[in-house]
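Each remark here refers to the structure printed beneath this line.
The values are calculated or read from the model by the stated rules, or taken from the named source; none is laboratory data. Not measured: the values here are computed from a predicted model. Cβ atoms come from the backbone with ideal geometry, glycine included; neighbour counts cover every protein chain shown. Note: accessible area is taken over every heavy atom of the protein model, side chains too, but ligands, DNA and RNA are not part of it. Shrake-Rupley method; radii C 1.70, N 1.55, O 1.52, S 1.80 Å.
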Amino acid sequence: MADPRLDPPRSMPTYAVRAPLVHWLGEQAEEARGVLGRYRVLDVGCGAKPYEPLFAPHATSYVGVDPVDNPRAELKGPVEALPVDDGTFDIVLCNQVLEHCDDPAKAVSELHRATAPGGRVLASTHGVMAYHPSPTDYWRWTHAGLEKLFRDNGAWASVRVTPASGTTACLGMLLSMYFDLMFRRVGLGVFARPLVAAVNTVAGAIDGRSARLREPGPGTLFANFHVVAEVAR
Ligand SMILES: C[S@@+](CC[C@H](N)C(=O)[O-])C[C@H]1O[C@@H](n2cnc3c(N)ncnc32)[C@H](O)[C@@H]1O
């Protein structure tokens, strides 16, 4: 069965995180091929490597690393001490990992060290999310805090942080997660799905009408952020 993270249904409570993430990574995989040619990928905190199919057609190698015993990972180690040589990967992925690591500053400097000249880190992490240990869960960011984390921990040529989805989508996600939990508690999980799909549809439509809900500014709330951090050639 296809991994639902590659085609998240609107009935997924974390649709506001998952749908933009797969869309963004697909675009980045294509765009990087145009700029870098065929590239070497390191997937940090790879888990089940759900996004490998997006990058594999453009990659000469795709290496996963995880700190826990993981049959999908070729290498074992934490993001704070990557078991790779300096500058050996053109694309370094770090999706939904930074919130789980002990030391985000050391993690970002390691992501920089592993990236080849001209290469880029593609990272994503949460603004707002329920506690979800994997195996730990320590951190959340604002767009400004996440940009500072990257700029302070590597001589990047550029750092770009963008919200994955809007403020209404974030509120809708929290409501959806609550609906899903409550319905499942009483054994009626299947009935939460249409409700969650409706919430996600309405939330996306509201955000679509207002740049103030989609772009960072006072009063906004974002479920997830996407980071592109480039290393100079
Ligand atoms: C939420 S999962 C994300 C997995 C995958 N990147 C994805 O997008 O589906 C978090 C992953 O981070 C890994 N992880 C936790 N702490 C880590 C650390 N200090 N360094 C690297 N990976 C870590 C976990 O083992 C797990 O594979």
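Observations on the structure shown:
- Segment 115-173 and segment 182-233 have Cα centres spaced 15 Å apart.
- Placing unit charges on the Cβ atoms only, positive for Lys and Arg and negative for Asp and Glu, gives the chain a dipole magnitude near 680 debye about its Cα centre.
- Which of Thr88, Leu42, Val227, positive extreme of dipole for the chain (C-beta unit charges): Val227
- For the chain, carbon and sulfur atoms together expose 58% of the accessible surface, with a 1.4 angstrom probe and every protein chain in place.
- Anisotropy class of segment 22-130 from Cα gyration tensor, a/c 1.5 cut: rounded
- Gyration tensor over alpha-carbon atoms, the chain, equivalent ellipsoid semi-axes in Å: 30, 20, 17
- Among Arg72, Arg214, Arg120, residue whose mean-square fluctuation peaks in a GNM of the chain (springs only between Cα atoms under 10 Å): Arg72
- Calculated over segment 168-211: convex hull of Cα atoms, volume per residue (Å³): 36
- Residue with peak Gaussian network fluctuation, the chain [Cα springs, cutoff 10 Å], from Ala123, Ala48, Ala211: Ala211
- Over the chain, accessible surface divided per residue gives 48 Å², non-protein components excluded, 1.4 Å probe.
- Counting only DSSP beta bridges whose two residues both lie in the chain, roughly 45 percent are antiparallel.
- Of the DSSP H helices in the chain, those whose Cα atoms cover at least 24 Å axially and whose Kyte score averages 0.5 or more: 167-185, 189-208
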